[in-house]
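One structure is given here, and the rest of the page talks about it.
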Amino acid sequence: MADVVFKNVHKKFGDFIAVEGLDLSIEEGEFVSLLGPSGCGKTTTLRMLAGLEFPSSGEISIGDRVVNDLPPGKRDIAMVFQSYALYPHMSVEKNIAYPLKKRGVPRSEQGPMIARVAEMLQLTPLLSRKPRQLSGGQQQRVALGRALVRDPKVFLLDEPLSNLDAKLRGIMRAELVELHQRLGRTMVYVTHDQLEAMTMSDRIAVMYDKKLQQFAPPQEVYREPANRFVAGFIGMPSMNLIDGDLSQEGDRWMFRSGSISVPVGPLVADARGGEACLGVRPENLLLGEGPTPAVVQLVERTGHENIVVVEIEGGLRMTGRVPASTDWKTGETIQMSIQSEAAHVFAAGPTGRRLNIASVAVRP
Ligand SMILES: Nc1ncnc2c1ncn2[C@@H]1O[C@H](COP(=O)(O)OP(=O)(O)O)[C@@H](O)[C@H]1O
Ligand SMILES: [Mg+2]
C-alpha cells in the first residue's frame with residue numbers, strides 16, 4: 001500500500017518555482033532517497049511532507065489521509081535535520097525526551113521509551129552528557145534518537161550525514177540501513193550524495209531542476225538511466241557523454257562523432273535521427289584493445305583499480321577504469337574501443353530522454 005503520495009505537487013516561493021508537477025508514490029516501509037544537485041527542490045519536497053511548507057497546488061497524503069492542511073504535529077512523522085538542531089543546554093536524555101514531553105507523555109512512561117532508544121543507538125553511557133561533550137557522530141545519533149523515540153509512521157531525514165567525516169559517514173550509512181531494517185518504517189532521505197542514495201535506498205527519486213527525473217531501484221537507475229541528466233549524475237567516475245549524430249543505415253542505427261562510429265540499438269519506436277548523445281560507462285570503455293588510438297592524459301590509482309583519462313583524435317576526452325595492474329604512462333598512445341552493446345543513447349539536450357531500449361544496454 002502506498003504510504004506517502006505526492007500528486008501533481010507544485011511549490012512556488014513568490015514567482016519562483018521550487019518544485020514542479022511532482023508525482024511520487026512511496027510504499028509502506030520503503031527507504032526512498034530524494035537525490036539531486038543542490039537547489040533542485042529536495043528539501044522543499046521534504047518540508048512539504050513534514051508540514052513545514054505548504055504546496056501551492058496538488059495533494060500530499062500520508063497513510064490514507066490527505067495532509068495538505070494538517071500541521072506538522074498531527075502528521076505522525078519525525079524529521080532529522082542536517083544541523084541536528086539539538087538543545088545545547090539539555091543533556092542527551094532531555095534532548096531525546098523532548099518530543100515526549102511536548103506531547104504530554106507522562107514521566108513514568110518516558111523512562112522506558114528513552115532507555116529503549118538509547119540502547120538501540122548505543123547512547124546509554126552518554127545520557128547525562130551535554131551535546132558539546134559529544135563527537136559529531138554521537139550528536140547525529142542523539143538527533144536520530146529524538147526522532148525515533150515517538151515511533152512515528154514516517155521518518156524524514158535531510159542530509160543527516162553531511163556534517164560527518166567520510167569514514168564516519170560510511171559507518172552511519174550502515175547503521176541507518178540496519179535501523180531501517182529493524183524498524184520497518186517508511187523513510188524518506190534527502191541527499192546530494194549518490195553513494196548514500198545508491199547504498200541505502202530501496203528506490204531513488206532523482207530530481208533535477210525542480211522536477212523528478214526518474215524513480216527506480218538503484219540498479220535500475222544505474223543500468224537504465226531514464227535520461228541524460230540521470231546518466232551523468234549517477235556513477236563514479238561519471239558516464240562518458242558524447243555529443244554527436246544518430247542516423248539510420250539500412251536496418252540499423254549508427255552513432256557518429258568525429259572519429260567515433262558506434263552501432264547502437266534497438267531504439268524506441270519513435271526515435272528520430274539527428275543530434276543525439278552517446279553514453280558510455282567507464283567500465284564499458286575498453287582500453288588497451290580496439291581500433292581507435294588514444295593518448296593517455298591522466299592515470300588515477302585508487303588502489304584496486306586505475307581510472308584512466310584518454311584523448312582521441314579531435315580532442316574528445318573519455319574516462320575508463322582498468323585493473324590496477326595496468327601501468328600506462330601519461331602521454332603514451334594506447335588502443336581503445338567502445339563496448340557498443342553496453343552504450344546508452346539519449347536525445348539531445350541536458351535532460352534528453354533515453355532512446356535505446358534499456359535491456360540491451362545491460363552488460364551480462
Ligand atoms: N523559503 C524560500 N523562499 C524562496 N526560495 C526558496 C525558499 N526555500 C527554498 N527556496 C529556493 O528553492 C530552490 C530549491 O531549494 P531546496 O529545496 O532547498 O533545494 P535542495 O534541498 O535540493 O538543495 C532553491 O533555488 C532555493 O533557493
Ligand atoms: Mg537541501
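The values are calculated or read from the model by the stated rules, or taken from the named source; none is laboratory data. These figures come from a predicted structure and were not determined experimentally. Methodologically, a virtual Cβ is constructed for each residue, glycine included, from the backbone with ideal geometry; neighbour enumeration extends over all protein chains shown. For accessibility, only protein heavy atoms count, side chains too; no ligands or nucleic acids. Shrake-Rupley method; radii C 1.70, N 1.55, O 1.52, S 1.80 Å.
A compact table of results
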read-out	value
Test for G104: is it under 25 Å from G29 (Cα atoms) and not β-branched (V, I, T)	no
Hey, G104 of a type outside the set (S, T, Y), touching a Gly at 6+ places or on another chain (Cβ under 8 Å) and not in a strand (DSSP E or B) or not	no
Checklist (1) without any contact (Cβ under 8 Å) to a residue 40 or more places away in the chain; (2) more than 21 Å from E159 (Cα to Cα); (3) not charged (D, E, K, R) applied to S56, failing item	(1)
Lone qualifier among L168, L157, L144, L176 - being under 29 Å from the mean Cα position of the chain (by Cα) and outside any helix (DSSP H, G or I)	L157
Neighbours by Cβ (under 7 Å, 6+ apart or cross-chain): first from the range 174-203, closer than 26 Å to A231 by Cβ; second of a type in the set (K, R) and away from ligand 1 (no atom under 16 Å from the Cβ)	E196/R173; T199/R173; M200/R173
Members of the range 43-77 that are part of a helix (DSSP H, G or I) and either open to solvent by less than 10 Å² (accessible area, probe 1.4 Å) or not assigned by TED's automatic domain parsing to the domain that holds V149 (or both)	T45, L46, M48, L49, A50
Neighbours by Cβ (under 8 Å, 6+ apart or cross-chain): first from the range 33-50, touching a residue at least 60 places away in the same chain (Cβ under 8 Å) and more than 21 Å from D76 (Cβ to Cβ); second near ligand 2 (Cβ under 10 Å from one of its atoms) and in a helix (DSSP H, G or I)	L35/K42; G36/K42
Residue that is hydrophobic (A, V, I, L, M, F, W, C) and modelled with pLDDT of 95 or more, where the choices are I77, I26	I26
Residue check for V19: within 16 Å of ligand 2 (Cβ to nearest atom), farther than 19 Å from P152 by Cβ and outside any loop (DSSP other than H, G, I, E, B)	yes
P218 being farther than 30 Å from H344 by Cα, in the same structural domain as L46 (by TED's automatic domain parsing) and open to solvent by less than 60 Å² (accessible area, probe 1.4 Å)	no
All positions within the range 304-324 that are on the phi < 0 side of the Ramachandran plot and part of a loop (DSSP other than H, G, I, E, B)	H304, E313, L316, A324
Per-region count, the range 241-250, residues under 21 Å from V322 (Cα atoms) and open to solvent by 10 Å² or more (accessible area, probe 1.4 Å)	1
Residue satisfying condition, being open to solvent by 10 Å² or more (accessible area, probe 1.4 Å), farther than 20 Å from D245 by Cα and outside any strand (DSSP E or B), within set E341, E283, E289	E283
Residue list for the range 169-222, filter: more than 16 Å from ligand 1 (Cβ to nearest atom) and of a type in the set (D, E, K, R)	R169, R173, E175, E178, R182, R185, D202, R203, E220
Near pairs, Cβ below 6 angstrom, 6+ apart or cross-chain, from the range 80-103 (in the same structural domain as L144 (by TED's automatic domain parsing)) to any residue that is open to solvent by 30 Å² or more (accessible area, probe 1.4 Å) and of a type in the set (S, T, N, Q)	Q82/S162; Y84/Q139; S91/S128
Hits in the range 211-231 (condition: free of Cβ contacts under 8 Å to residues at least 40 places away in the same chain, part of a helix (DSSP H, G or I) and of a type outside the set (S, T, N, Q))	P218, E220, V221, Y222, V230
Test set (1) open to solvent by less than 20 Å² (accessible area, probe 1.4 Å); (2) within 30 Å of C40 (Cβ to Cβ) - I260 fails condition number	(2)
Residues being surrounded by 21 or more Cβ atoms within 10 Å (Cβ to Cβ), assigned to a strand (DSSP E or B) and away from ligand 2 (no atom under 14 Å from the Cβ) - total across the range 182-204	3
For A271: the one exception among (1) under 30 Å from K210 (Cα atoms); (2) at pLDDT below 95; (3) open to solvent by 10 Å² or more (accessible area, probe 1.4 Å)	(3)
Residues that are within 16 Å of ligand 2 (Cβ to nearest atom), at pLDDT below 85 and buried (at least 17 other Cβ atoms within 10 Å of the Cβ), drawn from the range 150-175	none
Condition broken by I114, with the remaining ones in (1) within 16 Å of ligand 2 (Cβ to nearest atom); (2) crowded, with 17+ Cβ neighbours inside 10 Å; (3) of a type outside the set (D, E, K, R) satisfied	(1)
